[in-house]
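*Asks:* One structure follows; several queries about it will come next.
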Amino acid sequence: MDILNRFNKHGDEEELNDVNDLSEKYLTFIIDRQFYAFHVNDVVEIIEMQEVTPVPEFPDYAKGIINLRGTLIPIIDVRLRFCKMEMDYNERTCIIILNLKNIEVGFIVDTVDEVIDIDKNNISGVPNISGPISRRFIEGVGKLPKKIVMLLNAQKMLNDDEIMSFENMGGMGSISNFDAPQTIEL
């Protein structure tokens, strides 16, 4: 799980953000045997799966909240957000913490894959055959030699109303006496 350590070390930020004009860096992950990716600029950190506290009246895809170093982070299950079948979490399940319009939100994924450079010439638009839900989240398709990666627009994973409700929840302040999550290695 070296990928988690690379994201979670402050000293590697330059390496992860060093992108030339011809390519973009993405963090790839797997949901239901398909590859997806978030642009690394949206990724704050990657943590191991931990207990999520349910919150009444959250949408089905929002599993609840976690306490991350004293900050309440809403947690979204990407499988459920994409209307896929729910799966039991295991030792490979991770939470990717993203910065969405200045709030941190965690996204549960089956497993994190790698950080990759995708040449801009190998990025296509969203296929016309995908449904309106897919087009809302997907901003492009990365064509790599051994895989196809759906490039997600992190800022569109939640709509403005959802962001505002999570932002209001975050106003509850920090929590003391917390257990820090452990970083895991791929």
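*Asks:* Scan the range 90-121 for residues that are closer than 16 Å to residue 151 by Cβ and touching a Gly at 6+ places or on another chain (Cβ under 6 Å) and jot them down.
*Replies:* Of everything in the range 90-121, just one residue is closer than 16 Å to residue 151 by Cβ and touching a Gly at 6+ places or on another chain (Cβ under 6 Å), namely 118.
*Asks:* Another question, then. Does residue 183 satisfy the condition of being surrounded by fewer than 18 Cβ atoms within 10 Å (Cβ to Cβ) and modelled with pLDDT of 80 or more?
*Replies:* no
*Asks:* Could you please find all residues in the range 104-115 being of a type in the set (Val, Ile, Thr) and surrounded by fewer than 17 Cβ atoms within 10 Å (Cβ to Cβ)?
*Replies:* 111 - this is the single residue of the range 104-115 that is of a type in the set (Val, Ile, Thr) and surrounded by fewer than 17 Cβ atoms within 10 Å (Cβ to Cβ).
*Asks:* Continuing with this model, one more query. Restricting to the range 40-79, what's the tally of residues that are of a type in the set (Gly, Ala, Ser), touching a helix residue (DSSP H, G or I) at 6+ places or on another chain (Cβ under 9 Å) and surrounded by fewer than 19 Cβ atoms within 10 Å (Cβ to Cβ)?
*Replies:* Number satisfying all stated conditions: 0.
*Asks:* Within the range 3-60, track down each residue that is acidic (Asp, Glu) and either modelled with pLDDT under 70 or part of a strand (DSSP E or B) (or both).
*Replies:* Selection gives 12, 13, 14, 15, 18, 24, 45, 48.
The values are calculated or read from the model by the stated rules, or taken from the named source; none is laboratory data. The structure displayed is predicted, hence computed values, not measured ones. Backbone-built Cβ (ideal geometry, glycine too); neighbour counts: all protein chains shown.
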